[in-house]
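Before any comments, here is the structure.
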Amino acid sequence: MHDFLERVGRFSARRHWVVFVAWLIILGALVGLRSAYGGEFYNNYTVPGSESSQGLDLLQKDFPTQGGYAGQIVFHAKTGSLADQAASIDTAMANVAKLPDVIAATNPLTSSPPRVSQDGTIASGAVSWNVAPASLEKDYLKKLDTAIAPARAAGLQVEYGAGAGQIGQQTDDTKSEIIGLVCALLLLFFMFWSIAAALIPLISAVFSVLAGLSLVGLLAAATNFPTTAPTVATLLGLGVAIDYGLFLVARHRENVDHGMDVNDSAGNATSTSGGAVVVAGGTVVVAILGLYVSGVPFIGAMGLAAAIVVAVTILAALTLTPAFMGVTKGNVRALGKRRRARSADEAAHEHSAFARWGKMVSGRPWPWAIAAAIVLCILAIPLFAMRLGQLDAGTNPTTQSSRRAYDLVSEGFGPGANGPLTVVVSLPSQSQQDNQTLLTNVQSSLAKTSGVASVTPPSVNDAGTTAVLNVVPTTSPQDAATSALVDNLRDSVLPSFHARTYVVGTTAGYVDFTEQTSKRMVWLILAVVLLAFVLLTVAFRSVVIATKAGLLNLISVGAAYGVVVAIFQWQWGSELIGIHESLPIPAFVPMLMFAIVFGLSMDYEVFLMSRVHEAWMQSKDAHRSVAIGIGSTARVITTAAAIMVVVFLSFVLSTDPTVKMLAVGMAAAVLIDASIIRMILVPAVMALLGKWAWWMPRWLDRITPHIDIEGSGTETLPQNPAPSPEKEPPAPVTSVG
């Protein structure tokens, strides 16, 4: 692999304009195709084979007007009553019914029963679409605004709730992306003290993320991706793309500082650090694709979107980054004074400040290991109080119509009206009178159930085979009591009747979603940990290193979970990021975090341990190899982690609480991993293990293939050479470094 990567890197640096133009053409084509043929993004929490999914299929078959995607048009009379403006409401709902993709729109004043509050000031009209409202863009929102204009002209407040509130609300992450890129540029400049070197990872990241997102957009025309998929893919893609570029440029700069020719250096950097990028990036891709273990298309598709973007960033790192190395030539070197100091003192990484830190920790490993373990355990304590659940529109900012509609519905009909449950009854083959008695008993039992605010009379289809009853809980959709009510109806109340029943609706569907995700979480953990174990065992030929990495990564993920619970459930500082109430954690957030964070932690594990392994192969000195490994990688890994953290945290500006959770959780995980794990626990544990860190059973060693991640066993840089004048490129007149 290394020979191939070296040829790729050398070719890309030598023929840099060819590679650059090729990427421009590919990117332009993908963006154009995405614009012309790309699909839309929308959330579908359906769990195949679940009760809510089966009931929805039956509902759509026998009650097509009650199927589709539901939304609300909420009317509010600030003065007087809605009855005074009945004509304008009737006109508005009639206009909505004529819009494209609308299955039915019901006037709340004339529906049976009327959907009007007791004081007559708030009404909620039901609307259903044959497409997901979230996939409808701003042009459709303008049409909807035009349709309900008569009601607003009459002085009524009109808001869009449920699915209607998602129309034209596609997320815009531009501000977060700009802030993240600017912060990353500053950190890269402080790392390299060269604008040219700092720009290489940044420009490569922009190219690769844009290309990856365009591919995802094209695939969205053929399959469903969640609305948050592009945001998650961007968040992860920018972080790993900049990091991978940083690792390559750091190796390239080290080579050039040692007098290596620019093209040869680019080839060497691609074959060494590029090899680690392939292994680490491949681990991230496979870990994220492991989300399909959940058995939930929503989660798997989100992982697929992120995996596509990460795969493109790997390709860009191996081709576009070396091409920019060829373009910038010697300008990747630092300012003159710093360059001379570097060249004079590059002899041994083991004498750097980070190496001295590593020696200090490994010199007294037990106290450091115990202290780090205590900190991680404290951070993980909130994990045991994690409550999985559903986020509803009540968590949205009040600037959004969906939140205002939610508040109006809660005020007029109670919080449970924002997440009604639908009970579907498949009627048995018996007389109509017996079925009517059955439905009367069902309605009565539902109304008497604790946690139920109201039950509508049953509606029976024309064929007399299926009936529907709408149940309004007393609590909001995200309340734990609502989930308990769904379970009670399914497990205790409805099974007492001799008929097949289903509890469906958005809230019931999310209960199934949460249950399925929770059950599959353990399988995802096992699959990803096993993958990492196999990869690291093959890469470093040590079952001890692989076991150590798996355990430490699990600890760091647990600590990151604790941070998320403390901030979003316990509200420790949540107001600083725009969260003003305690929130449950959506079930897919821990699963997505685990796959992403475990993959990212493997990045740092591979880059650090490959250098430690390189030193171990040469010296067979455990303490010295750890010092050299930390001394040669800690500055780069620390900068890479800092970039990840600022990129992730920039996304807390999103109005979506789920994106905020992912941003905070992943930033915390990277910070914990790069500081407590890499800088304290790893050197402490390696010192305690000594030579046993590299133990491998003989029988396993014989059947394990040999993979040299960074070419550590074949080539090393010369020790402390002075840069040869004939190989040092002349400084151009307009130097940017």
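Go through the range 125-242 and tell me which helices (runs of 4 or more DSSP H), entirely inside it, have 1 or more residues that are among the polar types (S, T, N, Q) and touching a Ser or Thr at 6+ places or on another chain (Cβ under 6 Å). Break it down into steps so the answer makes sense when it comes.
Working: elements: 138-147, 149-153, 174-192, 195-219.
Hits in the range 125-242: 174-192, 195-219.
Any residue at all in the range 461-470 that's out of contact with any Asp or Glu (no Cβ under 8 Å at 6 or more places or on another chain) and under 15 Å from VAL493 (Cβ atoms)? Talk me through it step by step, then tell me what you get.
Our first condition is that a residue be out of contact with any Asp or Glu (no Cβ under 8 Å at 6 or more places or on another chain); within the range 461-470, this holds for 462, 464, 467-470.
Now drop any that are not under 15 Å from VAL493 (Cβ atoms), which leaves 469.
Yes - at least one qualifying residue is present in the range 461-470.
Can we say ILE555 is in contact (Cβ under 8 Å) with a residue 60 or more places away in the chain and within 19 Å of the chain's Cα centre (by Cα)? First the steps, then the outcome.
Details: in contact (Cβ under 8 Å) with a residue 60 or more places away in the chain: yes; within 19 Å of the chain's Cα centre (by Cα): no.
Against the criterion (in contact (Cβ under 8 Å) with a residue 60 or more places away in the chain and within 19 Å of the chain's Cα centre (by Cα)), ILE555 does not qualify.
Select, from HIS613, HIS623, the only residue that is farther than 22 Å from ALA276 by Cα, modelled with pLDDT under 85 and in a helix (DSSP H, G or I). Steps first, please.
Values: HIS613 fails: farther than 22 Å from ALA276 by Cα.
Just a single option satisfies the conditions, and that option is HIS623.
Check the range 255-270 and report whether any residue there is in contact with a Phe, Trp or Tyr (Cβ under 6 Å, 6 or more places away or on another chain) and buried (at least 24 other Cβ atoms within 10 Å of the Cβ).
Pass one, the range 255-270, residues in contact with a Phe, Trp or Tyr (Cβ under 6 Å, 6 or more places away or on another chain): none.
Taking every residue of the range 255-270 in turn, none turns out to be in contact with a Phe, Trp or Tyr (Cβ under 6 Å, 6 or more places away or on another chain) and buried (at least 24 other Cβ atoms within 10 Å of the Cβ).
Sort out which residues of the range 3-19 are touching a helix residue (DSSP H, G or I) at 6+ places or on another chain (Cβ under 6 Å) and surrounded by fewer than 19 Cβ atoms within 10 Å (Cβ to Cβ), and write them in order of number.
ARG14
Just to check your reading of the model, which residue among SER444, SER476, SER454 is assigned to a helix (DSSP H, G or I) and at pLDDT 90 or above?
Details: SER476 fails: assigned to a helix (DSSP H, G or I); SER454 fails: assigned to a helix (DSSP H, G or I).
The conditions single out SER444.
Of all residues in the range 645-662, which are of a type in the set (A, V, I, L, M, F, W, C) and either surrounded by 24 or more Cβ atoms within 10 Å (Cβ to Cβ) or touching a Ser or Thr at 6+ places or on another chain (Cβ under 6 Å) (or both)? Steps first, answer last, please.
Taking the range 645-662 as the starting set, the residues that turn out to be of a type in the set (A, V, I, L, M, F, W, C) are 645-649, 651-653, 659, 661-662.
Residues satisfying the conditions are VAL647, PHE648, PHE651, LEU653, VAL659, MET661, LEU662.
Is there a residue being polar (S, T, N, Q) and without any contact (Cβ under 8 Å) to a residue 12 or more places away in the chain anywhere in the range 418-430? Quick ask: steps written out before the conclusion?
Initially, the range 418-430 is screened for residues polar (S, T, N, Q), giving 418, 422, 426, 429-430.
This time we only want the ones that are without any contact (Cβ under 8 Å) to a residue 12 or more places away in the chain, so: 429-430.
Yes - at least one qualifying residue is present in the range 418-430.
Kindly establish whether LEU33 is of a type outside the set (Asp, Glu) and more than 27 Å from GLY168 (Cα to Cα). Talk me through it step by step, then tell me what you get.
Working: of a type outside the set (Asp, Glu): yes; more than 27 Å from GLY168 (Cα to Cα): no.
Criteria not met by LEU33.
Specify which of the listed residues (LEU551, LEU592) is modelled with pLDDT of 85 or more, farther than 23 Å from ASP243 by Cβ, in a helix (DSSP H, G or I) and not hydroxyl-bearing (Ser, Thr, Tyr).
Values: LEU592 fails: farther than 23 Å from ASP243 by Cβ.
One residue alone meets the criteria, LEU551.
Could you grab me the full set of residues in the range 59-105 that are under 38 Å from the mean Cα position of the chain (by Cα), surrounded by fewer than 21 Cβ atoms within 10 Å (Cβ to Cβ) and assigned to a loop (DSSP other than H, G, I, E, B)?
Of everything in the range 59-105, those that are under 38 Å from the mean Cα position of the chain (by Cα), surrounded by fewer than 21 Cβ atoms within 10 Å (Cβ to Cβ) and assigned to a loop (DSSP other than H, G, I, E, B) turn out to be PHE63, GLY67, LYS98, LEU99, PRO100, ASP101.
Given the condition modelled with pLDDT under 95, of a type outside the set (A, V, I, L, M) and more than 30 Å from GLY163 (Cβ to Cβ), answer yes or no: does some residue in the range 388-398 qualify? Steps first, answer last, please.
Let us first name the residues in the range 388-398 that are modelled with pLDDT under 95, namely 388-398.
Checking the rest, the ones that are also of a type outside the set (A, V, I, L, M) come to 389-390, 392, 394-398.
Next, from what is left, pick out any that are more than 30 Å from GLY163 (Cβ to Cβ): none.
Scanning the range 388-398 turns up no residue that is modelled with pLDDT under 95, of a type outside the set (A, V, I, L, M) and more than 30 Å from GLY163 (Cβ to Cβ).
When the range 257-281 is examined, which residues are found to be farther than 17 Å from LEU608 by Cβ, at pLDDT 85 or above and in a helix (DSSP H, G or I)? Steps first, please.
First, pick out the residues of the range 257-281 that are farther than 17 Å from LEU608 by Cβ: 257-271.
If we keep only those that are at pLDDT 85 or above as well, we get 260-271.
Answer for the range 257-281, where residues must be farther than 17 Å from LEU608 by Cβ, at pLDDT 85 or above and in a helix (DSSP H, G or I): VAL262, ASN263, ASP264, SER265, ALA266, GLY267, ASN268, ALA269, THR270, SER271.
Does at least one position in the range 702-725 carry a residue that is modelled with pLDDT under 85 and part of a helix (DSSP H, G or I)?
Applying the first criterion (modelled with pLDDT under 85) to the range 702-725 yields 702-725.
Next, from what is left, pick out any that are part of a helix (DSSP H, G or I): 702-703.
Yes; the residues of the range 702-725 include at least one that is modelled with pLDDT under 85 and part of a helix (DSSP H, G or I).
Failed condition for ALA546, given (1) in contact with a Ser or Thr (Cβ under 6 Å, 6 or more places away or on another chain); (2) surrounded by 21 or more Cβ atoms within 10 Å (Cβ to Cβ); (3) in contact (Cβ under 8 Å) with a residue 60 or more places away in the chain, with all others met?
Going through (1) in contact with a Ser or Thr (Cβ under 6 Å, 6 or more places away or on another chain); (2) surrounded by 21 or more Cβ atoms within 10 Å (Cβ to Cβ); (3) in contact (Cβ under 8 Å) with a residue 60 or more places away in the chain one by one, ALA546 breaks only (3).
Which residue, of LEU469, LEU552, LEU530, is touching a helix residue (DSSP H, G or I) at 6+ places or on another chain (Cβ under 8 Å) and within 30 Å of PHE607 (Cα to Cα)? Let's see the steps before the verdict.
Details: LEU469 fails: within 30 Å of PHE607 (Cα to Cα); LEU530 fails: touching a helix residue (DSSP H, G or I) at 6+ places or on another chain (Cβ under 8 Å).
None of the other options fit; the residue is LEU552.
Which of the residues spanning the range 20-42 are closer than 30 Å to PHE588 by Cα and surrounded by 18 or more Cβ atoms within 10 Å (Cβ to Cβ)?
If the condition is that a residue be closer than 30 Å to PHE588 by Cα and surrounded by 18 or more Cβ atoms within 10 Å (Cβ to Cβ), then LEU30, ARG34, GLY38, PHE41, TYR42 are the ones that fit.
The values are calculated or read from the model by the stated rules, or taken from the named source; none is laboratory data. The shown structure was predicted, so the numbers you read here are calculated from the model rather than taken from an experiment. Note that we place each Cβ from the backbone using ideal geometry, even for glycine, and neighbour counts take in every protein chain shown.
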